[in-house]
Structure formats: C-alpha cells, structure tokens
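The values are calculated or read from the model by the stated rules, or taken from the named source; none is laboratory data. What you are looking at is a predicted structure, and each value in this text was computed from that prediction instead of being measured. We place every Cβ from the backbone using ideal geometry, glycine too, and count neighbours over all the protein chains shown. Note: areas computed on protein heavy atoms with side chains; ligands, DNA, RNA excluded. Shrake-Rupley method; radii C 1.70, N 1.55, O 1.52, S 1.80 Å.
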Amino acid sequence: MDVSTTNINADFDCLGSMIAAKRLYPDAEMVFPGGQERTLREFFIKSVQYVYGFKRVKDIDLDEITRLILVDVCQTTRIGPFAKVVKRKGVDVHIYDHHVNKSKDLKPSVEHIETVGATVTVLTHLFMEQGIHPTADEATMMMLGLYEDTGNLIFNTTTVKDYQAAAYLLQHGANLNVVSDFIVQELTPDQVRLLNDLLANQSVLNIQGINLTIAHASVDYFVPDIAALVHKLKDMENLDALFVAVRMESRVFVIARSRLDEVNVGDILSELGGGGHASAASGSIRDMTLLQVLETLPRIIQKHVHPQWQVRHLMSTQVKTVNVQDRTAVAHQLLSRYNINAMPVVAGQEVVGVVTRQLLDKAVYHGLQEEPVSEYMSREFHCVEPHTPVDVLKSLIVESNQRFVPVTDDGVLVGAVTRTDLLRHLASSAGVAPHPVDKGLLSRGGRIYKANQIQRLIRNRLPKRIQEILELLGRVADQLDLHVYVVGGFVRDLLLNVENFDLDIVVEGDGILFAKTFATKQGARVRCHRKFGTAVVIYPDNFKLDIASARMEYYLRPGALPDVEHASVKMDLYRRDFTINTLAITLNPDNYGSLLDYYGGQRDITEKAIRVLHNLSFVEDPTRMFRAVRFEQRLDFKIGKQTEHLLSSAVRLELLGKISGKRIFNEILLILKERNPLPAVERMNSFGLLKALHPALGRKTDYLRLFDQARRATDWYDLLYTGRAYSSWLCYFMVLTSSLDSAAMRELSDHLQIPRRYRVILEDQRDDGLDVLKRLGRRRSHSAPKDSNLYRWLKPLSTEVLLFMMAKSGNEYIRQWISHYFTQLRDVRPLLSGKDLQACGVAPGPIYKQLLDELLKAQLDGRATTVDAQRQIVMRHLRKNP
C-alpha cells in the first residue's frame, strides 16, 4: 500500500504538496500524521469542494505500507506515527521537500529536495517536466501552499523557480480570490493578547554585528496559529531575524523567521528538536521549561551565526591611479588634488606599486620631483580579491603594516581598501550586518535605515508617479549594466518626511547614454551638457529629472568654479556641501532601497546638525556659507560647532570676495524665497555675512519689525486672491536693503550682478516708492488723499514695491491708503472706451488719452460714476473744442 504524508503540524504547503503528490502516485492514500494549523482547518471547514479523500491515521494499517511518500518533511522526528514505518525493512521511502536534510536519518530511494521557497515549487516543476496539467482545484490548493511559504512571493528565500511555478499554476486555473481569502486571516482576541505579550517581552541579541530579536510569552491555554503572530511581529518591528518562544499548556513552542543569509533558523532550531529551512523554522519542546529554552537558545544561536564579511563590503571603486612612467611631481599633485593619502601605481591594467602622500612629500622636499614615480614606489605589497574574507584583510593590514590595499579581480584593479575603511568597518559592524552595496562605509551613529524600511518610506511618502519613475530608473540601469542612485536633498527630505519631488539621479558610468535611453522609454526629451556629463530629462508636462554621471570636483584656487572628472558614487557624494546631503538610495532592482551613507548623514539627521564634509569646504566654495544658514533655518537644525568655526573663519578671510556676485545673489534669492526668511537673515547678520556684502548692511537695523511687517503684507495680499503674480522675495530684498541709499543700492546691484528686470524695481521704483512714502507721511493722519492722487502716485509702482512700502511705513493710515488702492482703485477703468469717444464725435488723436485720464480722475473722485455723467464730460469738451 502507498501512503502520502507530511509533517505533524501541517500547513498549506503540506496540503498543496500532498495534492500534487497524488498526481504522481494516484493509488497513494493521503494521511495527515498529526494536527493542522488553524488556517488549514478553516479551509477544510469552509471549502468542502476541495476535500480530496484524506484519511485518518487510525484508518490505515501501518504494517501494510510498502511505500511512504513524504512531502514538505525529511526528518523522522516530524512525521509522528510514520517514524516507525520508515524504520521497517522493505519500506520504500520517497521524499519531496525544500528543507535540507542534514540529519540524514532517512534513506530514501527517491529524493527531490531543492532550496526553493516551497515544496509545491519542487512538485510543480516535476509537473512541468512530465507534462502533467493540474485541474483548477488542484492548482488553487498548490498555489495556497506556494503563497504561504513564500510570503506572497516576497520572502527573501523566494527564487525564480517559485515565480515560474506560480505562473504555471495560474495558467492552469489557480483561483487567487480563494488564495487571498485564506492566506490573510484576522487575529482572534486570544492571538491579539498573545501578540501584545510578545511585543512587551522582546530582547535583542547582537552576534558579531547582527541583531537578532528573541520574544517570549506564557499562557495557560492553547492559542492556534502562532506562526501568523510571528509574521505580524516581524513586520511590525521590521526585524531581520526573530525567535519566538511561547509556553502553552505543557509545551514550549518555538518559531523563527530570518531574512539574513547568516542566520539559518532551520539549523538553529534543529538542535532543539525542531526543523524547517533557512528562513522559517519551528519546534515543539516538551522536556524543557520556557526559562530553560530562553537560556539555551542564545548559546545555540551564538554557535550557528557567523557573518561573512568580505572585502567587497568595504572597498571603494573607481580608484585613482598614477602611471608607472609619470614623474613624482605628477603623483604628488594627484594626491593633493583628490585629497587622498595613497594611490596604486599601474602599468597598463596591472598594479605594480603603491605610493603614499607621506613618501611623496619627502621626495618633493628633497628635490626629486622630476624622478619617475617607479624609483620610489613601494613594490612589496599585497592585493586582495573582492571575495577575500575581512579577517584576511585585517591580518594583512595589521601584520604587514600595509595601510592601502588594492583590490583586483583576475589581475584587473577594481577597488581599494584603506586602513581607515577597516577601522570604520570594525567600529560600525557592532551594530550592522554586511550588505552587498554598502561597500562597508556605514553610518557613524544615529538611525540605520535598512532597504525594506526605505522601500516602505517610498511607498508611503511618495506619489505613485515618482515611485514608478524610480523603479524604471533601476530597470534601465540594469539593462545598461550600470549602477544608478537617487541622491542628495530628495533622500534627506524622504527621511525627514518633507515633501520634495526634485529627483537628483547619479549614474556610475555614462550618465548621458543612460538619460537618452530612459527618456526614450518615457516619451520625454533630453537636454545634455557633455562637458559635465549631465542631462535633464524633460517630460511633456514639463516635469524634470536631473541625471549626472558620478563625478568628483577639485578647485584650483579658493572660490573658483570646480574642474570635473568622472568618479565613483562615493567620490560624487564627497563633493556635496553637507553630510545630510550625502545620502544615496540604490535604484537597481537587486538592491532597490539600499541606503549608502559614507559620511554620517543619518547621524547628523538624527542629531539635527549641519556639518561640512571637510575643513576646506567653505574655502573651496564660499557660497556654502549661505546654504548652511538656509538649511539650518529651514530644517530647524543647528550648525555644528566645528562648521560654525569654519564659517566664521571664511568670513574673516573675506572669501566672498573671491567669487562672482551672481553666485552670491542666487543664494540670497533662495534664502528670501523661504516661507519666513527672517531667522536666516538674522543668522547671516550674526556671522557678518551681510556686512561682507556691503558695509551698510552690517549696521544695526530693526530687521525683526521690517520682516514681520513684510510677511504680514505678503500674507494679506495672498489672501486677496487677485490672480496677479508677484515675487515676495523682491519685497524681502528691499526690506533687507532698506538702510541703503540710492547710490549704495546701485553699488550693491552692480556687485551682485542683479538682472536688469529686477534692477528697475530695486533701484528706480524703490526710490519712487520712498518718495511717495515721504509725501504721504507729510499729510495729517485724518486727511486722506484724493483717490485720483493716490492712483496717480501708486499706479506706476510694482506690487513688490507697494508691499515694501506697507512694510517700511510705521504709519497705520499710510498702510490703509495703500490697501485701499489695492482693493478699490487699482483696477478702476473709465466707463467709456475709445470707441465710445469716437461715437460721440471726438476725432482720433492724442486727445483720447487726455479725455480718458480726465474721465478716470472724475470717476475716482466720485464726480462721474455713471456712463451718462462721463458722456456729459465728453460733450462739454466738444462744445469747448468744436
């Protein structure tokens, strides 16, 4: 007799696998050796149409079994009463499973065990090979098992074969509505209480940089399907490895889940009598108390968890090199230009030596600049490969005192690791596990975001369109065999939950080729800048995407525009202004959502600190002083102590005088476009930045009152909803420079190279507006000017100048008069037009303007507010001038 069976705590994978095995062994009886999980029991209760003649153990004569087919199990300890059967001579055992059998206590004649997401996948591929077509009901039950064991095909143990199996089952009628109904289950009240206990009783075990969570609880009654609670807890807490121990009645149930290759929970729980595979395992323990399990489990975990750090996790790519034939002076200049301390010497693609800054400093000191670098390079050095264990690297650096180690692959230079990289790794790995794209340069403190957390932020905080663009960017990069990242302020604001849809994309490789390929797929156009390796992708609706080749910048003199060279993403991020803007998110599908943090950006976001990357940051680009102030105030951060010292030093050295006024003006414009620019203005003044722009701006000025009044005026005007566009920053700029006389204002405009269209307002109209203020100020407070006069004085002035006048004036009556002009007078027009004048018999000519002005004045002053009244004025004119 043939019997098909599974493990003693059957789930949907067990069910689906037994149904599949029935097609391979039509005469086999299907028997559950023990109980079933709650979801499976409910499935049988609610879906009687799927019952396929399962038998109970007591209905089977175990002595009559000649062939035993085991599915989703490969250990005798987990097949209940059938353990005696497999030990009997003459019994033919066939195994179909996705758990690796390390105990080897079974000797099957047929064995199909593959490390895939579910046993159903193993059997489905046998169907595909043998041309077996499941019915729709069979495909549905098999799909239930596949979805359950792969977490809806998103567990990290899911393989390509699992997706292929799912497609095959769907093709043969698998009902996904049934699958979703039974895979997603509501928690019972008992489960909710137990989950609450598990949340309250968690501890973290750190094993060589990997965090594992152990949660426990104890109840006096049986709570079914605690595996569902483990998944809930893992997802809620975003855990990479979780062990749950629950005492229920007389047994301790242990369930484990893992996303990490280094944590094989199947191996760990096998030592407690349980089993499973690398990412999911469980066990039921009778001979130990909960306390004993909690004491034993960490020791077992310690024995099995061994992180495999490799050189590829630490190394930097796109390494700068010097040719073996170059002069010592050239090598010395390269080290200074790129701000690095060591460099490999190459002959073609072969690394033949290493030079250091210390060595070359001495060579230059001794006048050896013209000698070839080959004369003094170090020839005794070791190279490593990307997959070399870090322990080997550590021995090399410590014992051989080699502080710079080239990384080669088949003899070709692909990267480098420095002593600093190793030290940073040793410091940071106390809390972080290795990651294939981190390259070992991890955040120095603060919150560490994992890839799945970043993916969740992208889903929850970004519009669908932005999500789709990011995903497509990664797919295009894979097609071109490139690495692509979204970097800078977008990443910073994503972590801060601040809306920012300006995508800054960096490509390691040909950014222009990437941009053109991407734009073609999106039906967009491209504007390229080949000199800098940058491009702008412009969508039909004018949405823009900035794409650049990863590059580095170096400055030949303070304040000069940088020279640009292609480099790695690490060097690209190093050219950024502040650490909080150096974060990058990988977009390639294999590592989508991985966060690169080489320079402590996450730490400074956590600490709310604005810090430069190096001490010459303000020297190389003095405009960063304004950006430091802007980010500090916008984000409610604080400029770091060292950065504040460097900023003050740069002001004292008058470095602003070394850059163009146009660049300074652009930075001031951005500050004045902030919602409330006053704090930034006061901060600039405290650093002496305003005085550096013009001595008169450094005088004590009541900025608080002026900017507050300007903000009130612009807010009031915005609420009018006039539909007329204006620039609030222009109003604020006039407030900022209100202490300057006409000559000083023109001098400042020249220095900042302000465009002519703005200078008309800032110089000519501002002077006219100040004259009008003086005129209005001489009037008695109760003596309002005629509407016609107010119109004549204010009409030539722009909205920005009028709002500046409201802010500048301390006279409430003057503000009321300007408000009256905005709301009642500005849009007044004569009731008669030129055609009406012609109809009245007025000959065309300059007289039209004179008459229309006279009609407008009469209308404003209330002397002619009807069409008839204005016609009478025209007729009187005709009588006087027939």
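Counting residues that are open to solvent by 70 Å² or more (accessible area, probe 1.4 Å), more than 30 Å from Gly657 (Cα to Cα) and at pLDDT 90 or above, which helices (runs of 4 or more DSSP H) fully inside the stretch 452-571 reach at least 2? Write out each step before concluding.
Details: elements: 464-479, 489-496, 511-522.
Here the list reads 464-479, 511-522.
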Residue within the stretch 593-606 that is touching a helix residue (DSSP H, G or I) at 6+ places or on another chain (Cβ under 7 Å), among the hydrophobic types (A, V, I, L, M, F, W, C) and under 21 Å from Arg634 (Cβ atoms) present: yes
Given the conditions (1) surrounded by fewer than 20 Cβ atoms within 10 Å (Cβ to Cβ); (2) more than 24 Å from Pro108 (Cα to Cα); (3) out of contact with any helix residue (DSSP H, G or I) (no Cβ under 7 Å at 6 or more places or on another chain), report the number of the one that Asp2 does not fulfil. (2)
Here is a check on your reading of the model: is Asp92 over 25 Å from Glu148 (Cα atoms), open to solvent by 70 Å² or more (accessible area, probe 1.4 Å) and at pLDDT 85 or above? no
Within the stretch 350-361, is there a residue that is open to solvent by 40 Å² or more (accessible area, probe 1.4 Å) and at positive phi? no
Scanning the stretch 148-160 for residues that are over 8 Å from Ala118 (Cα atoms), part of a loop (DSSP other than H, G, I, E, B) and among the β-branched types (Val, Ile, Thr), which turns out most open to solvent (accessible area, probe 1.4 Å)? Ile154
Checked Ala28, Ala20 against criteria (modelled with pLDDT of 90 or more, of a type in the set (Gly, Ala, Ser) and in contact with a strand residue (DSSP E or B) (Cβ under 7 Å, 6 or more places away or on another chain)); the one match is Ala28
Which condition number does Asp63 fail, the rest of (1) open to solvent by 60 Å² or more (accessible area, probe 1.4 Å); (2) without any contact (Cβ under 8 Å) to a residue 40 or more places away in the chain; (3) not in a helix (DSSP H, G or I) being met? (3)
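Quickly run through the stretch 130-147 and pick out the residues that are out of contact with any Ser or Thr (no Cβ under 8 Å at 6 or more places or on another chain) and either among the charged types (D, E, K, R) or not in a loop (DSSP other than H, G, I, E, B) (or both).
Passing the criteria: Gln130, Ala136, Asp137, Glu138, Ala139, Thr140, Met141, Met143, Leu144, Tyr147.
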Of all residues in the stretch 756-806, which are within 28 Å of Lys662 (Cα to Cα), of a type in the set (Asp, Glu) and without any contact (Cβ under 8 Å) to a residue 24 or more places away in the chain? Glu763, Asp764
The one condition Gly283 fails out of (1) open to solvent by 40 Å² or more (accessible area, probe 1.4 Å); (2) closer than 29 Å to Phe43 by Cα is (1)
Selection from the stretch 100-138 of residues among the hydroxyl-bearing types (Ser, Thr, Tyr) and at pLDDT 90 or above yields Ser109, Thr119, Thr121, Thr124, Thr135
Hey, among the residues in the stretch 66-75 that are among the β-branched types (Val, Ile, Thr) and open to solvent by less than 20 Å² (accessible area, probe 1.4 Å), which one's farthest from Thr6 (Cα to Cα)? Ile69
Do we have any residue at all in the stretch 210-218 that's in contact with a Ser or Thr (Cβ under 7 Å, 6 or more places away or on another chain), open to solvent by less than 20 Å² (accessible area, probe 1.4 Å) and assigned to a loop (DSSP other than H, G, I, E, B)? no
From His172, His125, residue being open to solvent by less than 50 Å² (accessible area, probe 1.4 Å), of a type outside the set (A, V, I, L, M, F, W, C) and without any contact (Cβ under 8 Å) to a residue 40 or more places away in the chain: His172
If only one of Gly661, Gly657 is on the phi < 0 side of the Ramachandran plot, over 25 Å from the mean Cα position of the chain (by Cα), surrounded by fewer than 17 Cβ atoms within 10 Å (Cβ to Cβ) and at pLDDT below 95, which one is it? Gly657
Within the stretch 619-642, of all residues that are β-branched (Val, Ile, Thr) and within 13 Å of Glu667 (Cβ to Cβ), the one surrounded by the most Cβ atoms within 10 Å (Cβ to Cβ) is Val629
Top-ranked residue in the stretch 690-721 [being touching a helix residue (DSSP H, G or I) at 6+ places or on another chain (Cβ under 6 Å) and of a type in the set (A, V, I, L, M); ranked as farthest from Thr623 (Cα to Cα)]: Ala713
Flagged in the stretch 122-156 as under 19 Å from Arg257 (Cβ atoms) and not aliphatic (A, V, I, L, M), in numbering order, are Gly145, Tyr147, Glu148, Asp149, Thr150, Gly151, Asn152, Phe155, Asn156
Mind checking which strands (runs of 3 or more DSSP E) fall wholly inside the stretch 339-414 and carry at least 1 residues that are of a type in the set (Phe, Trp, Tyr) and touching a Lys or Arg at 6+ places or on another chain (Cβ under 8 Å)? 404-409
Could you check Ala427 against (1) modelled with pLDDT under 80; (2) part of a loop (DSSP other than H, G, I, E, B); (3) of a type outside the set (Phe, Trp, Tyr) and say which number it fails? (2)
Could you tell me whether His645 is without any contact (Cβ under 8 Å) to a residue 12 or more places away in the chain and surrounded by fewer than 22 Cβ atoms within 10 Å (Cβ to Cβ)? yes
Wholly within the stretch 782-858, helices (runs of 4 or more DSSP H) carrying at least 3 residues that are open to solvent by less than 30 Å² (accessible area, probe 1.4 Å) and in contact with a helix residue (DSSP H, G or I) (Cβ under 7 Å, 6 or more places away or on another chain): 787-794, 799-808, 812-820
Would you mind finding the one in Val91, Val122 that is touching a Ser or Thr at 6+ places or on another chain (Cβ under 9 Å), among the β-branched types (Val, Ile, Thr) and under 14 Å from Leu24 (Cβ atoms)? Val122
Those residues of the stretch 5-38 that are aliphatic (A, V, I, L, M), open to solvent by 10 Å² or more (accessible area, probe 1.4 Å) and closer than 20 Å to Thr76 by Cβ come to a total of 1
Looking for whichever is β-branched (Val, Ile, Thr) and farther than 30 Å from Arg634 by Cα here; the options are Val498, Val526, Val491. Which one fits? Val526
Which numbered condition in (1) over 26 Å from Leu825 (Cβ atoms); (2) surrounded by 16 or more Cβ atoms within 10 Å (Cβ to Cβ); (3) of a type outside the set (Val, Ile, Thr) is the only one that Ala710 fails? (1)
